[in-house]
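Report on the structure given below.
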Amino acid sequence: MIIRIAQLEDAANIAKVHVDSWRTTYKNIIPQSFLDKLSYEQRTTLWQNNMANLDRNIFVAETNDEIIGFVVGEKRDTNTEPGATDLSAIYLFEQWQGKGVGKLLLKQIMHTFKEQGFHKVYVEVLADNKSREFYKYYGAEYVKTIPITIGGVTIDEEVYVWNSVDTVLEKF
């Protein structure tokens, strides 16, 4: 298992992880009609564009030359807090969840945030998504719940914060 910086040629494989993990993770949370419309081609284009933004930190988890997960860190436009940034995504194929891959991706992105001088990290997660327990396990604290709309349905999203990157890194 290696964790490495994503390359442009990884876009299609990242898109596959993205689509497949949404379909398994968000089943019965996001409308099935929305999940059914997700396409590898559209997500490949999205990831090609995402990787063109040099302000994003994107890492992939790879085993046996297959990308099985990824993490994205970036300062969202809505985050104007000095010294703070955002963990915007960790996605894994379902069969790799709970096997330590997410931990490796989280560790990598937190090291990167530290190197970039960030000390505080926000993450947003759907309230019904069990992965919020992963974030809480590594010390993220609940901030607030906000309503968002996906596929024409309003869903609660919870915002969590790690007030210290160093404290998270001590857990590894």
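The values are calculated or read from the model by the stated rules, or taken from the named source; none is laboratory data. What you see is a predicted model, and the numbers here were worked out from it, not measured in a lab. When we count neighbours, we look across all protein chains shown, and the Cβ atoms used for this are built from the backbone with ideal geometry, even at glycine. The area values use the complete protein model at the heavy-atom level, side chains included, leaving out ligands, DNA and RNA. Shrake-Rupley method; radii C 1.70, N 1.55, O 1.52, S 1.80 Å.
Things to note:
- Any chance residue 145 is exposed (fewer than 14 other Cβ atoms within 10 Å of the Cβ) and of a type in the set (Ser, Thr, Tyr): yes
- Any hit, region 26-37, residues being surrounded by 18 or more Cβ atoms within 10 Å (Cβ to Cβ) and either part of a strand (DSSP E or B) or within 12 Å of the chain's Cα centre (by Cα) (or both): yes
- Residue check, residue 121 surrounded by 14 or more Cβ atoms within 10 Å (Cβ to Cβ), within 12 Å of residue 168 (Cβ to Cβ) and of a type in the set (Val, Ile, Thr): yes
- Flag for residue 46 being surrounded by 18 or more Cβ atoms within 10 Å (Cβ to Cβ) and either in contact with a Pro (Cβ under 7 Å, 6 or more places away or on another chain) or under 19 Å from residue 151 (Cα atoms) (or both): no
- The listed residue being out of contact with any strand residue (DSSP E or B) (no Cβ under 6 Å at 6 or more places or on another chain) and either without any contact (Cβ under 8 Å) to a residue 40 or more places away in the chain or open to solvent by 60 Å² or more (accessible area, probe 1.4 Å) (or both), out of 77, 20, 86: 77
- When residues of region 55-74 are limited to those that are open to solvent by 60 Å² or more (accessible area, probe 1.4 Å) and farther than 21 Å from residue 165 by Cβ, the one nearest to the chain's Cα centre (by Cα): 66
- Scanning region 98-117 for residues that are free of Cβ contacts under 8 Å to residues at least 60 places away in the same chain and surrounded by fewer than 19 Cβ atoms within 10 Å (Cβ to Cβ) yields a total of 9.
- Those strands (runs of 3 or more DSSP E) of region 89-172 in which at least 1 residues are touching a Leu at 6+ places or on another chain (Cβ under 7 Å), considering only elements entirely within it, cover 120-126, 153-162.
- Residue ID - surrounded by the most Cβ atoms within 10 Å (Cβ to Cβ), chosen from residues in region 151-167 that are among the hydrophobic types (A, V, I, L, M, F, W, C) and at pLDDT 95 or above: 162
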